[in-house]
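Please read the structure below before turning to the comments.
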Amino acid sequence: MKQIKYKLIALLTTLIVVACTDLTEKMYNDLDKNNFYSTEAEYNAAFMNQYAFLRKTSIWGSYYLQELTTDEACLPAKGRDGYDGGKWQRMHWHTWTSLDDEIYGTWLNLYTSIGFCNQIIADVNEAVILSAEKKDLFIAETRAMRAFFYWQLLDLFGDVPVVTTVTEANPATKSRSEVFAFVEAELLAVKSQLLKKIDADSYGRMTQEGTLALLSRLYLNAEVYTGTPRWADCMAVSEQILSGGAYTLDDTWDAPFVWDNENSKENIFVIPNDEVFSGPDDM
């Protein structure tokens, strides 16, 4: 009996060792670049993913930090509702900490968006089924969007790391002036390669006019960002928008802000949101 028992134990041990040597599982509900990029439509879908992050970053992140910290907007407590641990008061009083959701969440969302931009650029560079023209457009537009996200980091946080690849680890923090120079250089390098407002599929995307508008805001605050004013540059790029003929002031002051404002004559770079194409977290 002992001999039989020892043989059974040895057999079971052998089975366990053999069975546990390879636990690799083939996943059928996950996609990666090795089994996803097989058609041009799939590249289009991956490319547009950066705009999905734009909704969350701009609406639930930067808006709170840029508006609730000023006298332009507030979130008051109403009875037992809205106090939320005092975080809205801390934003209004400028006593927030890095542990507050809006601070940490905005930082995280912006760098997540930048990470997706870096991944898109890397993937499109390797694409063999895209035309050279589409590859150039996708890369240029993604660089412009990445510059937009870095401008928000520059505006909100000042000195921040600049990462341009998906493989860079522990990047060094750049000064606010260096981040300013990076954003400016990226926008100037790609703006002529982007779509214009007259293109049918330009709505909601970063266009040539969008980069000019972003440059205008960058130069408008250059003295704060770098210590050196750039008023003349701000006027120059603003004049390019005005003289281009694609945009003009709306007939009424509130036209850019109405619910159905997709035909506004003065909204340059917009974030499309509606109940069909946007989830509840985006609205």
Practice task
For segment 178-190, take each phi angle, set θ = phi - 60°, evaluate the Karplus expression 6.51 cos²θ - 1.76 cosθ + 1.60, and give the result in whole Hz per residue in order, putting x for glycine and proline.
Solution key: 5, 5, 4, 4, 5, 4, 4, 4, 5, 5, 5, 6, 10
Practice task
Based on the mean of other Cβ atoms within 10 Å per residue, sort peptides 69-77, 95-103 so the most packed one is first.
Solution key: 95-103, 69-77
Fill in the blank from the handout: Between Ala77 and Ala45, Cβ-based FRET efficiency (R0 51 Å, step 0.05) works out to 0.75
Handout entry: Length-normalised contact order of segment 136-224 in % [C-alpha pairs under 8 Å, at least 6 apart]
Key = 31
Fill in the blank from the handout: Protection proxy (average C-beta count within 10 Å per residue), highest first, orders 256-263, 243-250, 200-207 as 200-207, 243-250, 256-263
Exercise for the section: Using amide H atoms built 1.01 Å from N in the peptide plane, name the residues 5+ places from Lys174, or on other chains, whose amide H lies under 5 Å from its own. Expected result: Val160, Val162
Problem - Stokes-Einstein D in µm²/s, Kirkwood radius over Cα pairs - segment 51-140 at 4 °C with 1.567 mPa s viscosity - result: 84
Completion exercise
In this structure, the FRET efficiency calculated for Leu242 and Lys134 from their beta-carbon separation, with R0 = 25 Å, to the nearest 0.05, is 0.25
Practice task
Hand me the tally of lysine pairs in segment 127-211: alpha carbons under 25 angstrom apart, and the pair either on different chains or 8 or more positions apart.
Solution key: 7
Handout entry: Per-peptide average of other Cβ atoms within 10 Å, ordering 185-193, 162-170 highest first
Key = 185-193, 162-170
Exercise for the section: For Ala255 paired with Ala52, estimate the spin-label separation in nm (one decimal), with each label point 7 Å from Cα along the Cα-to-Cβ line. Expected result: 3.5
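Every read-out reported here was derived from the displayed coordinates using simple, explicitly stated rules and does not represent laboratory data. As the structure is a prediction and not an experimental result, all values here were calculated from the model. For neighbour counting, all protein chains shown are included, and Cβ atoms are generated from backbone atoms with ideal geometry for every residue, glycine included.
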